[in-house]
Amino acid sequence: MEYEGQICRSPMERSAFMLPIAVGCSYNACKFCTLFKHLKYRELPLEEIEAELIRVKEVGGNPKRVFLGDGNAFGVATEKLLRILEMVHHYFPNCEGINMDATVTNIQEKSDEELRALKEAGVDQLYLGIETGLDDVLTFMCKDHNLEDVYAAIERLHSFGMDYDAHMMTGIAGKGRGMENAEAIAKFYNETNPRKIVNFSLFLHEEAPLYRDIEKGTFVPADELENMMEERRLLELLDVQDVEYDGFHDFVKVRVRGTLPDDREKMLAKLDKAIEEFKEKDPIYSYVCGCCCELECYDMRDPDFR
């Protein structure tokens, strides 16, 4: 199968087989996102999905975990999702779990019966773009929910035995609000118990709707030093058990990852070292003009980026 668009998934899913079941994102309205703006959302036919499963099986594939793409695969109608899950287990009998991205609205739109059926069919975790713990920032960024909605959606997932994994972005609240956002999102995570936290940090391209706000002065971005200080405060405040954390930045070669709380001090020490280094440098902002493909990208396999 030829993948359409830009592949974006948690690095924690790097060992999972990625099976596209849709192209793009059915919501596609978040101000900061450009991943799917050039794509018209559509679902892939079952025949094409099954052909990809057969192809992988015939070359010896039998993955233990499968990640369904793309932007919010959980929004696909439950009847079709269940058929896809059935095919996955048929062709990959050793599959132990199936993950995918979801929006809060996707969860709201599923009935209790549908959530129960999806859990029984092998969906055990969903990635949610929490982004921030501040309601005004969620509204400004055109997210499809508020915090009350997220609490309710996660409570429903937990009631059916499903976990959630959080995508977030330091810097999303803008200049001067990093500490405020760190404290708010830490409080949220402490109360909702994610299994994984992936911090991509805010990266802006000129094609993002949010870039217009930068031009107008209605959004002032934080520099990467403030983003690292926000990340440090978050890690300091998180009171969670056995949670995998991975935080990285696009424009600075700084990455911290580990399991909380065991690796907290190690991660804080690495951030402290980076923060002291960047205090001596001119501010660096993670936004660009021009083609994304022209950017220098850091290889996360590089030992210096670990």
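The values are calculated or read from the model by the stated rules, or taken from the named source; none is laboratory data. This one's a predicted model, so the numbers in the text were calculated from it and none came from an experiment. Reconstructed Cβ throughout: ideal geometry from the backbone, glycine too, with neighbour counts over all protein chains shown. When the accessible area is computed, the model is the full protein with side chains, heavy atoms only, and any ligands, DNA or RNA have been set aside. Shrake-Rupley method; radii C 1.70, N 1.55, O 1.52, S 1.80 Å.
The table below gives the values:
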quantity: Residue match in the stretch 161-177 (condition: assigned to a helix (DSSP H, G or I), out of contact with any strand residue (DSSP E or B) (no Cβ under 6 Å at 6 or more places or on another chain), open to solvent by 30 Å² or more (accessible area, probe 1.4 Å) and over 17 Å from THR105 (Cα atoms)); calculated: no
quantity: Failed criterion for ALA73 (all others in (1) surrounded by fewer than 22 Cβ atoms within 10 Å (Cβ to Cβ); (2) in contact with an Asp or Glu (Cβ under 8 Å, 6 or more places away or on another chain); (3) of a type in the set (A, V, I, L, M, F, W, C); (4) modelled with pLDDT under 95 hold); calculated: (1)
quantity: Test: residue in the stretch 80-103 that is of a type in the set (Gly, Ala, Ser), open to solvent by less than 20 Å² (accessible area, probe 1.4 Å) and in contact with a helix residue (DSSP H, G or I) (Cβ under 7 Å, 6 or more places away or on another chain); calculated: yes
quantity: Residues that are open to solvent by 20 Å² or more (accessible area, probe 1.4 Å) and under 15 Å from MET18 (Cα atoms), drawn from the stretch 47-60; calculated: GLU48, GLU50, ALA51, ILE54, ARG55, LYS57
quantity: Of the criteria (1) in a helix (DSSP H, G or I); (2) on the phi > 0 side of the Ramachandran plot, which one ALA153 fails; calculated: (2)
quantity: Single match in LEU44, LEU39 (criterion: of a type in the set (A, V, I, L, M, F, W, C), open to solvent by 20 Å² or more (accessible area, probe 1.4 Å), over 16 Å from the mean Cα position of the chain (by Cα) and under 29 Å from MET141 (Cα atoms)); calculated: LEU39
quantity: Which numbered condition LEU115 misses (of (1) in a helix (DSSP H, G or I); (2) at pLDDT below 95); calculated: (2)
quantity: Which listed residue, of PHE140, PHE92, is closer than 30 Å to LYS57 by Cβ and aromatic (Phe, Trp, Tyr); calculated: PHE92
quantity: Hits in the stretch 245-269 - residues which are more than 20 Å from LEU202 (Cα to Cα) and open to solvent by 70 Å² or more (accessible area, probe 1.4 Å); calculated: ASP262, GLU265, LYS266
quantity: Restricting the stretch 97-124 to residues that are among the acidic types (Asp, Glu) and in contact with a Gly (Cβ under 7 Å, 6 or more places away or on another chain), the residue that is nearest to GLY69 (Cα to Cα); calculated: ASP101
quantity: Residues of the stretch 195-244 that turn out to be farther than 22 Å from THR139 by Cβ, in contact (Cβ under 8 Å) with a residue 60 or more places away in the chain, part of a loop (DSSP other than H, G, I, E, B) and open to solvent by less than 40 Å² (accessible area, probe 1.4 Å), as a count; calculated: 1
quantity: Residue selected from the stretch 124-138 under the condition of a type in the set (A, V, I, L, M) and buried (at least 23 other Cβ atoms within 10 Å of the Cβ), by the criterion nearest to the chain's Cα centre (by Cα); calculated: LEU128
quantity: Residue check, TYR189 crowded, with 21+ Cβ neighbours inside 10 Å and in a helix (DSSP H, G or I); calculated: yes
quantity: The stretch 14-39, residues that are farther than 23 Å from GLY171 by Cβ and either in contact with a strand residue (DSSP E or B) (Cβ under 8 Å, 6 or more places away or on another chain) or at pLDDT below 75 (or both); calculated: SER15, ALA16, PHE17, MET18, LEU19, PRO20, ILE21, ALA22, VAL23, GLY24, HIS38, LEU39
